[in-house]
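Colleague: One structure is given below, represented as structure tokens, and several questions about it will come after.
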Amino acid sequence: AQKVTQAQTEISVVEKEDVTLDCVYETRDTTYYLFWYKQPPSGELVFLIRRNSFDEQNEISGRYSWNFQKSTSSFNFTITASQVVDSAVYFCALSEGRGSTLGRLYFGRGTQLTVWP
Amino acid sequence: EPEVTQTPSHQVTQMGQEVILRCVPISNHLYFYWYRQILGQKVEFLVSFYNNEISEKSEIFDDQFSVERPDGSNFTLKIRSTKLEDSAMYFCASSEMGGIIYSNQPQHFGDGTRLSIL
């Protein structure tokens with residue numbers, strides 16, 4: 001079973017539109033950590049954010065915001081007023097708090113976001 | 001800002017040959033990882049490494065794979081006899097802390113090595 005599901009394979013928007021990338025996770029651990037990474041066309045993986053399972057406060061960083069809801073096991077990512085430079089593949093990832101002691105990351109399949117001018 | 005450095009950026013190798021991918025983690029980081037990403041697919045965990053030994057490995061990391069920290073700065077992934085299906089982007093990552101308590105520390109990734117097996 002997939003531990004991290006990103007149901008949206010591709011999303012296209014026009015510049016300045018808001019866009020939300022969905023992430024649903026599955027774990028039996030009560031302690032776990034969630035991450036978002038960005039992979040631009042150049043291929044590197046850029047860390048964006050981490051949340052722990054005890055902190056359900058939503059977070060905003062500039063045009064980026066994250067909505068963590070334990071009740072629905074979701075950790076969605078919204079980009080406000082999207083820009084062409086936001087075009088990338090975005091990965092949601094999970095690290096569990098037991099068993100794998102060094103924080104192995106389980107990645108979703110990624111969402112390809114294309115922002116058109 | 002310190003970063004994880006990987007070399008080479010692209011490696012082309014004949015099937016059956018050995019290949020070594022190199023990584024220089026961030027200098028004060030203690031936990032090291034290798035992941036791979038087959039073209040168009042998700043990023044998959046291979047192995048984690050701490051205190052000069054493997055902490056965890058996935059089912060992908062079979063006897064053909066090995067990791068080493070030969071000195072104080074490098075962290076290498078060796079594939080002994082490459083197969084066509086080993087063609088992928090290989091990412092090295094490091095984090096300052098790990099373990100159950102600190103597994104929320106972000107792993108910082110290098111730019112990757114694209115491995116092409118012919």
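The values are calculated or read from the model by the stated rules, or taken from the named source; none is laboratory data. In this text the structure is predicted, and so the values were computed from the model without any measurement. So basically every Cβ, Gly included, is an ideal-geometry build from the backbone, and we count neighbours across all protein chains shown. Side chains included, ligands, DNA and RNA excluded: accessible areas come from the protein's heavy atoms. Shrake-Rupley method; radii C 1.70, N 1.55, O 1.52, S 1.80 Å.
Colleague: Partner chain Cβ atoms within 10 Å, averaged over the residues of B:39-51 - can you pull that number for me?
Modeller: Other-chain Cβ atoms within 10 Å of each residue's Cβ, averaged: 4.
Colleague: On to the next question. Out of residues 5 or more away from residue B:55 or on other chains, whose amide H comes under 5 Å of its own, with H placed 1.01 Å from N in the peptide plane?
Modeller: B:48, B:49, B:50
Colleague: Which order do the peptides A:86-95, B:38-47, B:109-118, A:47-56 come out in when sorted by mean C-beta neighbours inside 10 angstrom, highest first?
Modeller: Per-residue Cβ counts within 10 Å, averaged per peptide and sorted highest first, yield A:86-95, B:109-118, B:38-47, A:47-56.
Colleague: Ok, one more. Once you wrap a convex hull around the alpha carbon atoms of the protein assembly as shown, what is its projected area averaged over all directions, in nm²?
Modeller: The directionally averaged projection comes out at 12.9 nm².
Colleague: Also, I was wondering about something else. Quick query: amide H of residue A:8 versus all other amide H atoms, modeled in the peptide plane; which residues come in under 5 Å with a sequence gap of 5 or more or a different chain?
Modeller: Close amide H contacts, sequence-distant or interchain: A:22.
Colleague: May I ask you to list the lysines whose Cα is less than 25 Å away from that of residue B:83, ignoring any residue fewer than eight positions away on the same chain?
Modeller: Answer for residue B:83, where 25 Å is the Cα cut-off: B:42, B:57, listed by chain and number.
Colleague: Using the basic label-point model (7 angstrom from Cα toward the beta carbon), what is the residue A:81 to residue A:67 distance in nanometres?
Modeller: A separation of 2.0 nm, rounded to one decimal place.
Colleague: Another one. Can you give me the % of accessible surface on the protein assembly as shown that is carbon or sulfur? Probe 1.4 Å, all protein chains present, nothing else counted.
Modeller: 47
Colleague: Further question: Using Cα springs under 10 Å in a Gaussian network model of chain B, which residue among B:33, B:50, B:90 shows the largest mean-square fluctuation?
Modeller: Per the Cα network of chain B with a 10 Å cutoff, B:50 tops the list.
Colleague: Still on this structure, I have one more. How many square angstrom of accessible surface are buried between B and A, both sides summed, with a 1.4 Å probe and rounding to 100?
Modeller: 2200
Colleague: Considering every residue in A:42-52, what mean count of other chain Cβ atoms within 10 Å of its Cβ is obtained?
Modeller: 4
Colleague: Then there's this: What translational D, rounded to a whole number of µm²/s, comes out for chain A from Stokes-Einstein when the hydrodynamic radius is the Kirkwood one over Cα pairs, at 37 °C and 0.692 mPa s?
Modeller: Stokes-Einstein gives a translational diffusion coefficient of 227 µm²/s.
Colleague: Express the accessible area of the protein assembly as shown per residue in Å², computed with a 1.4 Å probe while the remaining protein chains stay in the model.
Modeller: 49
Colleague: Related question: Work out how far the C-alpha atoms of chain B reach from end to end along every principal axis, then list the three figures in whole Å, largest first.
Modeller: 41, 30, 29
Colleague: Could you work out the mean count of beta carbons from other protein chains within 10 Å of each residue's beta carbon in A:8-17?
Modeller: Whole-number average of other-chain Cβ neighbours for A:8-17 is 0.
Colleague: Distance between the C-alpha centers of the range B:10-82 and the range A:1-52? Whole Å please.
Modeller: Going from one Cα centre to the other spans 24 Å.
Colleague: Let's see if you can work this out: charge +1 on each Lys and Arg Cβ, -1 on each Asp and Glu Cβ, no other charges. What is the dipole magnitude of chain A about its Cα centre, in debye to the nearest 20?
Modeller: Rounded to the nearest 20 debye, it is 360 debye.
Colleague: Okay, moving on. Which residues' amide hydrogens lie under 5 Å from the amide hydrogen of residue A:15, considering only partners 5 or more residues apart or on another chain, with H built in the peptide plane?
Modeller: A:116
Colleague: Given Cα pairs under 8 Å that are at least 6 residues apart, what percent is the relative contact order of chain B?
Modeller: Averaging sequence separation for qualifying contacts and normalising by length gives 38 percent for chain B.
Colleague: Please list B:66-73, B:21-28 highest first by mean number of surrounding beta-carbon atoms within 10 Å per residue.
Modeller: B:21-28, B:66-73
Colleague: Give the aspartates and glutamates whose C-alpha is closer than 19 Å to that of residue A:16, dropping any in the same chain fewer than 8 places away, or say none.
Modeller: The qualifying aspartates and glutamates are A:86.
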